[in-house]
Each structure stands twice: as structure tokens, then as C-alpha cells.
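Encoded as C-alpha cells, the structure appears first; notes follow it.
Every number in this text was worked out from the coordinates using simple rules, so none of it is lab data. Note that the structure is predicted; figures quoted are calculated from it, not measured. Backbone-built Cβ (ideal geometry, glycine too); neighbour counts: all protein chains shown.
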Amino acid sequence: MSKIRVSAVSYTNTKPFAYGLKHAGSFLDKIELSYDIPSDCAAKLIDNKVDIGLVPVAALLNIPDNHIISDYCIGAIGPVNSVFIFSEKPIREVSSVKLDSQSRTSNNLAKVLLKFYWEKDVHFVEEGIADAFVEIGDRTFGKKDKYPFVYDLAEEWISFTGLPFAFAVWASNKPLDKEFVEEFNQVLKFGIDHREDVVKELEPRDDFDLHDYLTNRIDYPLTERKREAITKFLGLVRAL
Ligand SMILES: C=C(O[C@@H]1C=C(C(=O)O)C=C[C@H]1O)C(=O)O
């Protein structure tokens, strides 16, 4: 049987899943695993270079035969602490925003919030200077106090909609064997259940609380409310 190709995210938020995969024993013989930045994970799943990805939800719009295969995700039920707009000005005065080339979901989340929540028409740039910028993942750790205006995009989404949020979900681009999917979920669950051990393996930082991040800020269960949020979010992305 050929191996199932899996792309996971190379950020700290994925360490619990990586821990489960590291301890998965003979299940590892069934998969070929890579760790990628979210935009590459999306591209690989869209281009059928992998079969499963921890894929930014915004990329589901580009995967016609997508199947969410896990009850775990990269989500939030309050401030997530690693997805921000950092700004020199209050958001009401911002006229240009630089996007994060590693992101697919959060760039779209910034666009959705600016248009439908803050009701602002701004200019988005990929490169160069702007009044504010989107940044995600580990590169944001310790930066919260370094800018005059800081917007946590999970927190803003929750204020806007009253819903939690899911940034990335485990999805396949084709139907997969049911037994394999069940085993995969058990592996992910093992990692989520061992987050205390995961934190112990990480290099501590004095500018960022990794324990709080992996136990309180990133919220892993893909609940009904988060599924509702995905549907609402994708509808708003389509309406942009
Ligand atoms: C919470 C986060 O969620 C991430 C945000 C993503 C995106 O914006 O496309 C994709 C995957 C997740 O890792 C984060 O990276 O900080």
C-alpha cells in the first residue's frame, strides 16, 4: 500500500499533534510526513502533492473534494495570542495593511474584519511599507508590547460574530479509508492529551508563556460552534 502523504504546520501550535505523531509507533509506517508553513501546506493539498494537510480553512475554497477528517483543529475561543494586526495607528485610521505571505486564513480574516466589522476600505500590499501588518505564528511571540496598536484577530472575530474560530483543520483532498482516519484521530488525541509533556520539551522563553499558549490560547477541539464559524467565515470570504 502506498503511504498517505501528510503536511503538518511547522509552528509551535502544532507541537501537540507532532508529539502524537512522534509516539505513533507502527502507524508511522503508513504515512509520509512533512512540516510546512501554512501557505505551503495549502499549496501542497491544492496541488495534490499531499493527501492530508493541517490546512488553513481559507484554502478549503480551493479544494473541491475536501473532507475534514479530524475532530481537532487549530482554533481559539478567546484571544489566540499568535495572530495579530500590529499597527502604528488605531485601526480606524489605517489605510494600508501588509499581509503575511505564510498565512492564508488570517490574511482573509483581516480582510473580513476590516470590511464587515471595522467597515473600512483599505489597501492591501504583499511587500513594502504599510500603516499596519498581519503576522501569524511563532514570529509574533514577544511582540505584543512592541507596537502602539495591537489587534488579536481571534478576539476581534469573537467580538464581531459571538462565535469561536478555527484557523486550520485536518482535511484530505480525496476520500480516505475509514479505519486509517480513526487511527489518525487517535494519534492526534494522544498528543493533545499530553500537552503538559509537550511544553516540557520546548525551550522556555521569558517573553512568551508557552504553557498558557498550548493549554489555554490554542483551542484544539473542532466543535459544532467552530464548524459554524468556518461556514460563516468562508461565506464572508466569498463575499469580499
Ligand atoms: C493560530 C495560528 O493559526 C494558523 C494560522 C493560519 C493562517 O493564517 O493561514 C494557518 C495555520 C495556523 O497555524 C497561528 O499560526 O498563529
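Summary table below
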| item | result |
| --- | --- |
| Cα centroid of the range 167-218 to Cα centroid of the range 25-84, whole Å | 12 |
| Three-way shape label, the range 97-240, alpha-carbon gyration tensor, a/c 1.5 | oblate |
| 18 Å cut-off, amide nitrogen to a point 7 angstrom out along residue 48 Cα→Cβ, residues in the range 160-183 | 171-177 |
| Over the chain: helical MRE at 222 nm, DSSP H runs n ≥ 4 each giving -39500 (n - 2.57), nearest 500 | -9000 deg cm²/dmol |
| Under 14 Å, Cβ to Cβ, from residue 97 - net charge with Lys/Arg +1 and Asp/Glu -1 | -3 |
| Stretchable slack from residue 216 to residue 179, in nm (0.36 nm times residue separation minus alpha-carbon distance) | 10.2 nm |
| For residue 168, distant residues with modelled amide H under 5 Å away | 57, 74 |
| Residues of the range 211-240 with amide N under 13 Å of the 7 Å Cα→Cβ point at residue 71 | 221-224 |
| Sparsely packed trypsin sites (Lys or Arg not before Pro) within the range 61-167, loop by DSSP, other Cβ within 10 Å at most 12 | 146 |
| Sorted peptide list for 34-45, 192-203, criterion being average Cβ within 10 angstrom, highest first | 34-45, 192-203 |
| Inverse mean reciprocal Cα-Cα distance (Kirkwood Rh) of the chain, Å | 18.3 |
| Over the range 55-122, relative contact order from alpha-carbon pairs under 8 Å, at least 6 apart, % | 41 |
| Mean Cβ count within 10 Å, highest first, over the residues of peptides 126-137, 76-87 | 76-87, 126-137 |
| Nearby lysines by direct alpha-carbon distance to residue 232 (threshold 27 angstrom, same-chain neighbours under 8 apart not counted) | 44, 98, 111, 115, 120, 174, 189 |
| Pairwise FRET efficiency - residue 143 versus residue 225, Cβ, R0 = 25 Å, nearest 0.05 | 0.30 |
| Percentage relative contact order, the range 83-161, counting C-alpha pairs under 8 Å, at least six apart | 51 |
| Rg(Cα) / (2.2 N^0.38 Å) computed for the range 83-161, rounded to two decimals | 0.98 |
